[in-house]
Amino acid sequence: MAVLGIDSVTLEVPDLSAGVNFYTNAGLTAQVDGQRARFRCSGQSKDCIILLGGANAKRLHHITLRVEGLSEIARGVARHGGRLVDAPQGSAGRGIWLTDANGMLINLLDLPQDAPPSAGTAFAVNGPGRLVRKGRAAVLPLARCPPVTPVRLGHVLVFSPDVVKSVQFATQALGMGLADRAQDVIAFCCASRHSDHHVLAFAKSPAVGFHHASFQVNDPDEVGRGGRLLAQMAGKGDWGFGRHTIGSNFFHYIQDPWGSWFEYYSDIDYIDDYALWTPTNYALEDSLANWGPPVPPDFVHNYEVGANAPN
Ligand SMILES: [Fe+2]
C-alpha cells in the first residue's frame, strides 16, 4: 500500500473567471461547468486543478493522491491520527476520503501510474571539454518559440500547522517517503518508487492551506520563458528563474489571483527506489533556493489563515 503520485488539487475560490484566466494563461486547458472549473495539461486525460467558485476567499479544499492498496490504507488511517470521512457533497465520491493528522482533507484514488510523457528534444548544454551541441543554435527567436504548455502536475506544497505530524502521517499512513527536509519548517515527501523528488510537501504555518502546485515543462528554457510571460500576464508577484537546492529543480513561481503560487519546473531529482535514498536535513538557508532572485516577502505567507472553515 502506497501513494503513487499526486493526482490533483481542488481549491475554493471567490472569483472563478479570474482562475480560468490565470490557469489558461499558464498553458492549461479549462472546462467550465457553472461554478466548477477543471484544468488539465495538454495531452492528459484527467484534471489536475479543480476550482470551485463562489467562496468568500481562496481556500484549499482537498488534494487527491493516486494510491495502490486503498483498503489497506483505509484500515490504518485512524491508527495514525487521521479520520475517514464521507465524500463531500457534490464530489464524484470516488475512492476514499480522509483527513490527515492536521485535518487536511485528502481523497485517495486507486489509479494506475501515469504513462510517462513522451520525451522531447534533449536540453543539450555545452561545457568545458564537453561539446554535446555543435553546428546549430540552441535558442530560436522568441516569435518562433512555441507556447509553453505544462506536461503534467508534478507536486503540490501545502501549509501545515505541524510539519512533523504531517510527515509522520504521509509516511506511516500513506506509505510515502521523506525525501528531504529543512528542520521542522519544510519537508518533502515522495512516492516509495519511480518518483519525482517530491510529490507532496509541507511548509510550516499556523493553519492548513495551499501554497503552490508545480507543473513540469520540457526544459529550463521553458521554465524561464513560460514564467516570464505568465508573470507579465498575471501582473502580481513572481519568483524566478532560479534553482532549488532541495530537489534540484529549476523553478519560476508566479503568484495566482489569491496570493498562492503556480510553479513551472524542470529537471527535478528522481527517486527510483526510496529504500536506496538517504534523506538530508538541510539548514534553513538551503530551504528555498540555491540561486535566484530575492524571495518575495509574501512567498511563504498563508493567506488562508483565518479563512479556514473547520473540516
Ligand atoms: Fe515546488
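The values are calculated or read from the model by the stated rules, or taken from the named source; none is laboratory data. Only a predicted model underlies this, so the values are computations on that prediction, with no experimental measurement involved. All Cβ positions, even for glycine, are placed from backbone atoms using ideal geometry, and neighbour counts span all protein chains on display. With ligands, DNA and RNA removed, areas are computed over all heavy atoms of the protein, side chains included. Shrake-Rupley method; radii C 1.70, N 1.55, O 1.52, S 1.80 Å.
Things to note:
- Of the residues making up the range 12-23, at least one is under 30 Å from residue 172 (Cα atoms) and either of a type in the set (Val, Ile, Thr) or open to solvent by 20 Å² or more (accessible area, probe 1.4 Å) (or both).
- Residues of the range 148-177 that turn out to be within 16 Å of the ligand (Cβ to nearest atom), more than 12 Å from the chain's Cα centre (by Cα) and either of a type in the set (Asp, Glu) or open to solvent by 20 Å² or more (accessible area, probe 1.4 Å) (or both), as a count: 1
- For residue 240, the criteria (1) open to solvent by less than 60 Å² (accessible area, probe 1.4 Å); (2) of a type outside the set (S, T, N, Q); (3) in contact (Cβ under 8 Å) with a residue 60 or more places away in the chain hold in every case but one, which is (3).
- Residues of the range 237-259 satisfying the condition of being assigned to a loop (DSSP other than H, G, I, E, B) and among the hydrophobic types (A, V, I, L, M, F, W, C): 246, 258
- Filtering 30, 37, 57 for residues that are open to solvent by 30 Å² or more (accessible area, probe 1.4 Å) and in a strand (DSSP E or B) leaves a single hit, 30.
- When the range 211-223 is filtered for residues that are away from the ligand (no atom under 16 Å from the Cβ) and either touching a Phe, Trp or Tyr at 6+ places or on another chain (Cβ under 6 Å) or open to solvent by less than 10 Å² (accessible area, probe 1.4 Å) (or both), only 219 remains.
- Count of the range 260-287 residues, restricted to those that are surrounded by 11 or more Cβ atoms within 10 Å (Cβ to Cβ) and either part of a strand (DSSP E or B) or hydroxyl-bearing (Ser, Thr, Tyr) (or both), is 15.
- Enumeration of residues in the range 65-91 that are among the charged types (D, E, K, R), in a strand (DSSP E or B) and within 17 Å of residue 109 (Cβ to Cβ): 66, 68
- Among residues of the range 288-309, those that are more than 13 Å from the ligand (Cβ to nearest atom) and either loosely packed, with under 11 Cβ neighbours inside 10 Å or at positive phi (or both), counted: 5
Listed here are the residues, each with its yes/no results for (1) surrounded by 24 or more Cβ atoms within 10 Å (Cβ to Cβ); (2) more than 13 Å from the ligand (Cβ to nearest atom); (3) over 21 Å from residue 282 (Cα atoms).
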| residue | (1), (2), (3) |
| --- | --- |
| 183 | no, yes, no |
| 195 | yes, yes, no |
| 198 | yes, no, no |
| 234 | no, yes, yes |
